[in-house]
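Everything on this sheet refers to the single structure shown next.
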Amino acid sequence: MDLWAPKRRIEATYQRALRASMRSLENLLVDLDDPIEILRAIRNFSRSKGFAVYSEAAATKMVTHLFTDAGRTWRQAAKKNSRGRFIYEALQKEMAGPLGGTVMSQINRNAELIRSLPLDIARQVNGHIMAESLKGTRASNIVEQIKAFFPEASKTKAGLIARTETSKTSTALTRARSQSIGVNWYVWRTSKDARVRDAHARMEGVLVKWDSPPSPEQLDGEARTYGHYHCGDIFNCRCYPEPVIDLDLIKWPANVHWGGRIQRMSRIQFEAIM
Ligand SMILES: [Zn+2]
């Protein structure tokens with residue numbers, strides 16, 4: 001079991017929370033038979049106080065869950081290497097430092113995403129209504145289609161948000177913890193299965209500096225790129241950063257992202273740039 005791999009059950013719990021809120025919205029739509037009323041109900045739901053509270057709670061739960069889980073990982077890592085004592089002490093006082101701010105901003109970002117979920121779906125529903133009315137479909141048929149379409153769309157979106165955001169939050173927390181104790185590099189780790197995209201497979205095992213994110217697509221020679229970003233910090237990515245705490249635990253020579261390319265370096269060469 002890889003110590004730093006994010007725990008999939010946190011993602012699964014988050015996805016369930018998102019689905020549950022969308023299901024309660026679906027229940028509100030059951031008795032409605034006018035497309036305009038349906039859109040209004042979705043809008044009212046998304047602006048309700050209850051949904052705001054729910055979004056905040058679900059986001060807080062996911063972020064703090066990742067936070068405590070990763071805290072355990074750091075303590076385990078500290079046991080295994082030469083800087084253990086130092087890291088352990090740093091972890092004791094971390095919430096007073098920049099980490100507290102990272103936790104809060106991750107909660108806010110996630111709560112906002114959840115709050116935007118019903119309106120995102122409403123926009124899709126709206127587009128559907130327009131297209132169908134142009135075709136001359138009767139309102140009652142449109143309503144049936146919306147009711148069938150809504151659960152599908154919300155399931156897809158909940159899955160994407162849960163996967164992408166647990167990964168992004170996890171990376172943000174690892175980054176904040178790393179930088180608060182002067183760990184400036186990480187090893188890019190993929191989930192090492194068939195679903196890893198080519199550009200990320202190429203990053204497996206590469207050392208990356210936190211202040212210099214790579215452009216994996218560009219390094220892979222692809223025409224379409226998504227800019228520079230860190231491990232786990234892009235849609236549908238299941239990769240995770242493994243902080244470089246102890247150079248003894250790295251297999252040398254190693255691949256290093258440096259100067260916009262991936263270079264093979266000996267330990268001595270790496271020590272000169274780190
Ligand atoms: Zn990835």
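The values are calculated or read from the model by the stated rules, or taken from the named source; none is laboratory data. A quick note: this is a predicted structure, and the numbers were derived from the prediction, not measured. Ideal geometry is used to build each Cβ from the backbone, glycine not excepted, and the neighbour counts take in all protein chains shown. Protein only, heavy atoms only, side chains kept; ligands, DNA and RNA dropped before computing areas. Shrake-Rupley method; radii C 1.70, N 1.55, O 1.52, S 1.80 Å.
Regarding Ala162, is this residue under 16 Å from the mean Cα position of the chain (by Cα) and either without any contact (Cβ under 8 Å) to a residue 24 or more places away in the chain or more than 12 Å from the ligand (Cβ to nearest atom) (or both)?
yes
Considering only residues that are among the basic types (Lys, Arg) and without any contact (Cβ under 8 Å) to a residue 40 or more places away in the chain, which ones fall in the stretch 134-159?
Passing the criteria: Lys135, Arg138.
Determine if the stretch 116-137 includes at least one residue that is in the same structural domain as Asp33 (by TED's automatic domain parsing), in a helix (DSSP H, G or I), open to solvent by less than 50 Å² (accessible area, probe 1.4 Å) and closer than 30 Å to Trp258 by Cβ.
no
Taking the stated definitions as given, is His257 surrounded by 21 or more Cβ atoms within 10 Å (Cβ to Cβ) and either within 16 Å of the ligand (Cβ to nearest atom) or not assigned by TED's automatic domain parsing to the domain that holds Ser46 (or both)?
Judged against the criteria, His257 is a match.
Which condition number in (1) without any contact (Cβ under 8 Å) to a residue 60 or more places away in the chain; (2) among the small types (Gly, Ala, Ser); (3) touching a Phe, Trp or Tyr at 6+ places or on another chain (Cβ under 8 Å); (4) within 30 Å of Ala90 (Cβ to Cβ) is the one that Ser167 fails?
It fails just one condition, (1).
Would you mind finding the one in Asp233, Asp220, Asp193, Asp211 that is at pLDDT below 90 and acidic (Asp, Glu)?
One residue alone meets the criteria, Asp193.
Let's see how each residue does on (1) within 16 Å of the ligand (Cβ to nearest atom); (2) open to solvent by less than 50 Å² (accessible area, probe 1.4 Å); (3) polar (S, T, N, Q); (4) assigned to a helix (DSSP H, G or I):
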residue	(1), (2), (3), (4)
Thr166	yes, yes, yes, yes
Thr171	yes, yes, yes, yes
Tyr186	yes, yes, no, no
Lys192	yes, no, no, no
Ala199	yes, yes, no, yes
Gln218	yes, no, yes, yes
Ala223	no, no, no, no
Tyr226	yes, no, no, no
Tyr229	yes, yes, no, no
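Mind checking whether some residue in the stretch 205-213 is within 12 Å of the ligand (Cβ to nearest atom) and not aliphatic (A, V, I, L, M)?
No, because not a single residue in the stretch 205-213 is within 12 Å of the ligand (Cβ to nearest atom) and not aliphatic (A, V, I, L, M).
Please specify each residue of the stretch 231-254 satisfying the condition of being under 15 Å from Thr190 (Cα atoms) and either within 16 Å of the ligand (Cβ to nearest atom) or of a type in the set (A, V, I, L, M) (or both).
Listed by number, the residues that qualify are Cys231, Gly232, Asp233, Ile234, Phe235, Asn236, Cys237, Arg238, Cys239, Tyr240, Pro241, Glu242.
Residue-wise test of (1) over 21 Å from Ser266 (Cα atoms); (2) of a type in the set (Asp, Glu).
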residue: Ile181; (1), (2): yes, no
residue: Val187; (1), (2): no, no
residue: Lys192; (1), (2): yes, no
residue: His200; (1), (2): yes, no
residue: Glu204; (1), (2): no, yes
residue: Trp210; (1), (2): no, no
residue: Pro214; (1), (2): no, no
residue: Glu217; (1), (2): yes, yes
